[in-house]
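*Asks:* Structure incoming, see below.
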Amino acid sequence: MSQYPDFAFEINQNEFLAAGAREVHAVVTLTATSAPAGTGGAPGPAVGSPAGSACAKDNVEVIIIDCSGSMDYPRTKMIAAKEATKVAIDTLTDGAYFAIVAGTEGARVVYPTGGHLLRADYQTRAQAKDAVSRLSANGGTAMGRWLAQAGRVFDAHPHAIKHAILLTDGKDESETPADLARAIQASVGNFTADCRGIGEDWEVSELRKIADALLGTVGIIREPSRLAEDFREMTVNSMGKEIADVALRLWAPKGALVRYVKQVSPNLADLSGKRVPGDNPLTGDYPTGAWGAESREYHICVEVEPGNVGQEKLAGRVQLVAKDSGGATLLGEGKIRAVWTEDEDLSTRINSRVAHYTGQAELAQAIQEGLDAQSSGDLDTATARLGRAMDLAVESGREDTVKMLRKVTEVDPATSKVRAKAKVDKGDAMELDLGSTKTVRAKRN
């Protein structure tokens with residue numbers, strides 16, 4: 001009996017291409033259901049005892065809390081951060097390993113203090129929450145050092161499912177951008193991370209770099225009272241993971257060019273630059289991180305040498321593989337086909353799922369470009385891009401996005417045309433920027 005979840009593997013595409021056409025598009029839908037009970041690894045040490053070697057089913061959680069001086073202005077931020085951390089500690093699965101890191105211009109493990117991680121139980125939770133209660137705000141912000149400290153904690157558990165939560169309220173001012181970039185790169189492949197910014201004095205681009213590289217999410221907490229529920233949800237999601245390292249393995253024929261591999265649901269994430277070369281030049285692995293019982297979708301675009309009319313080619317072979325110390329286990333696979341035809345009716349059909357996610361990607365790009373232009377004072381470009389975003393949001397039924405767009409634009413009552421505002425609330429712009437990468441699932445045909 002497999003220790004891994006069961007995966008349903010589905011490929012949606014229109015395989016018919018016009019004569020001379022090169023680009024082949026496909027959306028891969030992957031749905032995992034939980035592994036059968038009793039198929040996990042052997043039990044580890046007794047709860048509350050030092051960590052031994054972690055088995056494949058061990059979860060390790062590191063919660064990184066910004067303790068810089070600005071977290072006390074207003075004090076509600078630090079109070080909310082401590083309460084949210086306690087909620088996350090209570091949400092940990094019994095037996096999960098965990099650590100709490102206080103981040104300033106350095107990084108300090110405040111629990112546990114003995115050099116070895118402990119498993120979550122009644123006693124360790126109480127001790128950890130007591131340590132969190134004693135945290136205070138004083139110092140700078142160096143997120144690269146925070147990530148490095150988390151990496152050192154995770155290093156003792158090479159085969160575990162490793163996840164970090166990173167909370168900050170400010171910019172990375174106590175180190176150089178190069179320092180942060182090196183720390184991010186050193187963390188890639190070691191653990192995943194979800195990042196949250198509290199308040200409005202942090203940089204979306206900084207946290208997005210961390211989250212994108214570490215296959216996580218980034219979000220804004222405008223009201224400190226919302227932080228505890230967000231921490232609870234992130235911890236529940238992390239504890240539900242059952243496989244530590246899963247990759248999309250893509251083979252493309254000789255002479256083909258992989259244009260991109262993107263996650264398109266539940267959020268947008270470009271995996272193209274994360275390709276790890278395979279055993280031969282035609283194969284590469286695209287990391288997708290840890291998996292539990294969930295569903296995700298990926299948009300793949302491959303450019304191939306055109307075939308003759310009536311000819312069929314294999315444009316790609318997609319496999320889902322679980323990686324571990326023993327190699328790789330195949331979890332599912334499918335084929336991307338290309339058939340050249342002179343039938344215009346066949347070749348001009350756009351697969352509904354491909355069309356849907358192409359539109360979602362364009363919406364995100366239009367929002368981000370519009371906000372960048374608005375921030376720099378280029379209101380003409382901002383108007384054009386945010387207006388296009390509004391059209392796309394309305395067409396795709398994204399009412400949530402429409403509401404956020406209305407906060408940064410105004411509509412001319414005479415012409416109904418959208419115009420970018422000269423001044424906008426910073427939090428509204430940040431919320432729209434972060435929401436741009438969340439997608440709506442395509443409806444079934």
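The values are calculated or read from the model by the stated rules, or taken from the named source; none is laboratory data. Just so it is clear, the model here is predicted, and its values are computed rather than measured. Neighbour counts are summed over all protein chains in view; Cβ atoms, including those assigned to glycine, are modelled from backbone coordinates with ideal geometry. Surface accessibility is based on the protein's heavy atoms, side chains included, excluding ligands, DNA and RNA. Shrake-Rupley method; radii C 1.70, N 1.55, O 1.52, S 1.80 Å.
*Asks:* Could you give the accessible area per residue of segment 223-360, probe 1.4 Å, as a whole number in Å²? The partial results should precede the final answer.
*Replies:* Values: 6270 Å² over 138 residues.
Each residue of segment 223-360 exposes 45 Å² on average to a 1.4 Å probe.
*Asks:* Hey, another quick one. Which whole number of Å³ per residue matches the convex hull of the alpha-carbon atoms in segment 99-237?
*Replies:* So the per-residue Cα hull volume is 113 Å³.
*Asks:* Hey, any idea what % of the chain's accessible area is carbon plus sulfur with a 1.4 Å probe?
*Replies:* With neighbouring chains kept in place, the figure for the chain is 50 percent.
*Asks:* Another question about this same structure. Search the structure for amide H atoms under 5 Å from the amide H of V110, placed 1.01 Å from N in the peptide plane, and list their residues when 5 or more places away or on another chain.
*Replies:* The answer is I100, V101, A102.
*Asks:* Here is a follow-up. Report the paramagnetic label zone for K254: residues of segment 278-297 whose backbone N is under 12 Å from a point 7 Å from Cα along the Cα-to-Cβ axis.
*Replies:* Backbone N within reach: 281-282.
*Asks:* May I ask you to give the solvent-accessible area per residue for segment 63-180, in square angstrom, as obtained with a 1.4 angstrom probe?
*Replies:* About 39 Å² of surface per residue is accessible.
*Asks:* Then there's this: May I ask which residue of V394, V304, A213 lies farthest towards the positive end of the charge dipole of the chain, with charges of +1 (Lys, Arg) and -1 (Asp, Glu) on Cβ and the Cα centre as origin?
*Replies:* A213
*Asks:* Also: Ordering T401, T91 from largest to smallest accessible area (1.4 angstrom probe), what's the sequence?
*Replies:* Reading off the accessible areas and sorting them downward yields T91, T401.
*Asks:* Multiplying the sequence separation of E105 and T348 by 0.36 nm and subtracting their Cα-Cα distance, what value in nm do you get?
*Replies:* This chain segment gains 81.8 nm when fully extended.
*Asks:* Take segment 170-323, drop everything but the C-alpha atoms, weight them equally and run the Debye formula without solvent; then report log10 I(q)/I(0) at 0.09, 0.16 Å⁻¹ to two decimals.
*Replies:* Results for segment 170-323 at q = 0.09, 0.16 Å⁻¹ read -0.38, -0.99.
*Asks:* Sequence-distant or interchain residues sharing an amide H contact under 5 Å with T288, placed H: which?
*Replies:* V246, A247, L248
*Asks:* At 1.4 Å probe size, put K209, K86 in order of accessible surface, largest to smallest.
*Replies:* Output order, biggest surface exposure first: K209, K86.
*Asks:* With each pseudo-label sitting 7 Å past Cα toward Cβ, what's the K423-E333 distance in nm, one decimal?
*Replies:* 6.2
*Asks:* Could you sort out which of K162/K407; K209/K407; K274/K426; K407/K438 sit more than 29 Å apart by Cα distance in this structure?
*Replies:* K162/K407; K274/K426
*Asks:* How much solvent-accessible surface does F9 expose, in Å² to the nearest 10, with a 1.4 Å probe and all protein chains in place?
*Replies:* 50
*Asks:* Express the accessible area of segment 386-433 per residue in Å², computed with a 1.4 Å probe while the remaining protein chains stay in the model.
*Replies:* On a per-residue basis, segment 386-433 sits at 57 Å².
*Asks:* Counting only protein chains, not ligands or nucleic acids, how are D155, D433 ordered by accessible area (probe 1.4 Å), most first?
*Replies:* D155, D433
*Asks:* I've got another one for you. Kindly report, to the nearest 10 Å², the accessible surface of M239 as traced by a 1.4 Å probe over protein heavy atoms only.
*Replies:* Using a 1.4 Å probe on the heavy atoms, I get roughly 30 Å².
*Asks:* So, one more: Report which label in (1) 283; (2) 159; (3) 201 holds the value of volume of the Cα convex hull per residue in Å³ derived from the coordinates of this structure.
*Replies:* Given (1) 283; (2) 159; (3) 201, the structure-derived one carries the label (2).
*Asks:* Now for a different question. As I understand it, the dipole of the chain uses +1 on the Cβ of Lys and Arg and -1 on the Cβ of Asp and Glu, about the Cα centre. Which of L135, V408, A420 lies farthest toward its positive end?
*Replies:* L135
*Asks:* At 222 nm, what value in deg cm²/dmol follows for the chain if DSSP H runs of at least 4 each add -39500 (n - 2.57) and the sum is divided by all its residues, to the nearest 500? Please list the in-between numbers first.
*Replies:* Values: 11 runs with 139 residues, N = 445.
Using -39500 (n - 2.57) per qualifying helix, the result is -10000 deg cm²/dmol.
*Asks:* Further question: Any idea of S347's accessible area? Nearest 10 Å², probe 1.4 Å.
*Replies:* Result for S347: roughly 30 Å² accessible.
*Asks:* Now, a different point. Using the crude model of +1 on Lys and Arg Cβ and -1 on Asp and Glu Cβ, and no other charge, please compute the dipole size for segment 202-280 relative to its Cα centre, in debye to 20.
*Replies:* Using only the charged Cβ atoms, the result is roughly 420 debye.
*Asks:* Round to the nearest 0.05 the FRET efficiency obtained for V411 and D380 when R0 = 22 Å and r is the Cβ-Cβ distance.
*Replies:* Working from the Cβ atoms, E equals 0.85.
*Asks:* Which aspartates and glutamates have a Cα less than 16 Å from the Cα of K86, not counting those fewer than 8 places away in the same chain?
*Replies:* E61, D66, D94, D121, D130, E229, D230, E233
*Asks:* Would you be so kind as to identify which of F7, V236, V318 lies farthest towards the positive end of the dipole of the chain, taking Lys and Arg as +1 and Asp and Glu as -1 on Cβ and the Cα centre as origin?
*Replies:* V236
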